[in-house]
Amino acid sequence: QQTHSLPPGDEALEGVARLSGISDGKALLNLLAPHVDQVGRIYDGLDGDARAALPRNTGLLEDYLAAEGLADAATVAQRISGWRGGTYRAVRSAAAQDALEAVLPALVKAISVAADPLSAVNRLDRMLERLPSAINLFRLLEARPTLLALVTDILCHASTLADDLSRRPDLLDGLISSSALGPVGSVDQIVAQLSLDDTRGGLEAQLDRIRQGVGELRFALGSQIVAGAADPLEVAAGYARVAEAAIRVAADATIAEFTRLHGAVEGCEFVILALGRMGGAELTHA
């Protein structure tokens, strides 16, 4: 039987060794080892997809980062060493460390072109501090260059969105699924999205849901501008629809709470006038 594999188990390996006129299995492995190493070196030299890696030595890492154009290479190297050392729970496991090493070269290269790379690294640091696990994120960033480019663009060039991301890493879910880059829907659809099905939590629970939902939608719309996924005027109209829906849900919940506590004033209605950018449905992220 033609085979390219040595048999498992000491006894079978001893048999192959004796068949080859060699004293024992260990001697056979020692005989083959230099040839296996040489073939490995030749193959690795032919493999154009060999993974780049950042130096682990602190001094060499600083030199590498400086060569990439990072002004404060020492501080960035300190941050990377902290991630490698398992400072945060998200990067402590062996799998997370392997995923981190795989994405670091591309991450550093993308961040190096930022106007303020250190701020981008610090925002990423805060995000890692809050993530329960970073394995899937790193693997996705490694496998999907467009996602890596979008995340690093946010970290480097959109400080407001980056700060949101560092406070709420769950906002990444919309970027990963690309749902954040789609239209935010009509006012009625957003109202349904922001409204609680169960009103037993009261007004405060409803206001919390509005804050959470508006934060997610604002981040999504801002990401569309950064990614060039939508016309800025369409995004401005989207911001206005989010604002109108939030006002409607908040007003209805407040009126319901007032009525529950104090009763309704007969013949009255509550009117909101939207002027300026809100009236023209051309809001900005702020």
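The values are calculated or read from the model by the stated rules, or taken from the named source; none is laboratory data. Model, not experiment: these values are computed from the prediction. Cβ placement follows ideal geometry from the backbone for every residue including glycine, while neighbour counts extend to all protein chains displayed. Quick note on the areas: whole protein, heavy atoms, side chains included, nothing else; ligands and nucleic acids left out. Shrake-Rupley method; radii C 1.70, N 1.55, O 1.52, S 1.80 Å.
Name the one entry in ALA114, ALA120, ALA158 that is touching a Cys at 6+ places or on another chain (Cβ under 8 Å) and closer than 23 Å to LEU217 by Cα.
ALA120
Does at least one position in the range 171-178 carry a residue that is open to solvent by 60 Å² or more (accessible area, probe 1.4 Å) and modelled with pLDDT of 90 or more?
The answer is no; no qualifying residue exists.
Given the conditions (1) of a type in the set (Val, Ile, Thr); (2) surrounded by fewer than 16 Cβ atoms within 10 Å (Cβ to Cβ); (3) farther than 23 Å from ARG56 by Cα, report the number of the one that VAL151 does not fulfil.
Looking at each condition in turn, VAL151 falls short on (2).
For the range 202-224, state whether one or more residues are closer than 30 Å to LEU172 by Cα and β-branched (Val, Ile, Thr). Please lay out each step first, then the result.
Kept after step one, since they are closer than 30 Å to LEU172 by Cα, are these residues of the range 202-224: 202-224.
Checking the rest, the ones that are also β-branched (Val, Ile, Thr) come to 210, 214.
Yes, the range 202-224 contains at least one residue that is closer than 30 Å to LEU172 by Cα and β-branched (Val, Ile, Thr).
When you go through (1) assigned to a helix (DSSP H, G or I); (2) at pLDDT below 95 one by one for ARG248, which number turns out not to apply?
(2)
Can you confirm whether LEU54 is in contact with a Leu (Cβ under 8 Å, 6 or more places away or on another chain) and open to solvent by less than 40 Å² (accessible area, probe 1.4 Å)? Steps first, please.
Values: in contact with a Leu (Cβ under 8 Å, 6 or more places away or on another chain): yes; open to solvent by less than 40 Å² (accessible area, probe 1.4 Å): yes.
Against the criterion (in contact with a Leu (Cβ under 8 Å, 6 or more places away or on another chain) and open to solvent by less than 40 Å² (accessible area, probe 1.4 Å)), LEU54 qualifies.
What do you reckon, is LEU217 open to solvent by less than 70 Å² (accessible area, probe 1.4 Å), without any contact (Cβ under 8 Å) to a residue 40 or more places away in the chain and part of a helix (DSSP H, G or I)?
Yes: the conditions hold for LEU217.
Go through the range 134-148 and report how many residues are open to solvent by 60 Å² or more (accessible area, probe 1.4 Å) and at pLDDT 90 or above.
Result for the range 134-148: 1.
The conditions are (1) buried (at least 17 other Cβ atoms within 10 Å of the Cβ); (2) touching an Asp or Glu at 6+ places or on another chain (Cβ under 9 Å), and ILE225 fails exactly one of them. Which is it?
In the conditions (1) buried (at least 17 other Cβ atoms within 10 Å of the Cβ); (2) touching an Asp or Glu at 6+ places or on another chain (Cβ under 9 Å), ILE225 misses (2) alone.
Take the range 244-276 and flag every residue that is loosely packed, with under 15 Cβ neighbours inside 10 Å, under 30 Å from SER159 (Cα atoms) and touching a helix residue (DSSP H, G or I) at 6+ places or on another chain (Cβ under 8 Å).
Result: ALA274, single match.
Restricting the range 69-101 to residues that are modelled with pLDDT under 90 and either among the basic types (Lys, Arg) or at negative phi (or both), which is least open to solvent (accessible area, probe 1.4 Å)? Give the derivation first.
At the first step, the residues of the range 69-101 found to be modelled with pLDDT under 90 are 69-72, 86-87.
If we keep only those that are either among the basic types (Lys, Arg) or at negative phi (or both) too, we end up with 70-72, 87.
Working: LEU70: 10, ALA71: 107, ASP72: 64, THR87: 75 Å².
Here the answer is LEU70.
Being modelled with pLDDT under 95 and in contact with a Ser or Thr (Cβ under 8 Å, 6 or more places away or on another chain): is that true of ARG241 here? Walk me through it before giving the result.
Values: modelled with pLDDT under 95: no; in contact with a Ser or Thr (Cβ under 8 Å, 6 or more places away or on another chain): yes.
Judged against the criteria, ARG241 is not a match.
Among the residues of the range 114-133, is any more than 22 Å from ASP164 (Cα to Cα), of a type in the set (S, T, N, Q) and buried (at least 16 other Cβ atoms within 10 Å of the Cβ)?
Among the residues of the range 114-133, not one is more than 22 Å from ASP164 (Cα to Cα), of a type in the set (S, T, N, Q) and buried (at least 16 other Cβ atoms within 10 Å of the Cβ), which makes the answer no.
Could you list all residues from the range 228-243 that are open to solvent by 30 Å² or more (accessible area, probe 1.4 Å), part of a helix (DSSP H, G or I) and not aliphatic (A, V, I, L, M)?
PRO232, GLU234, ARG241
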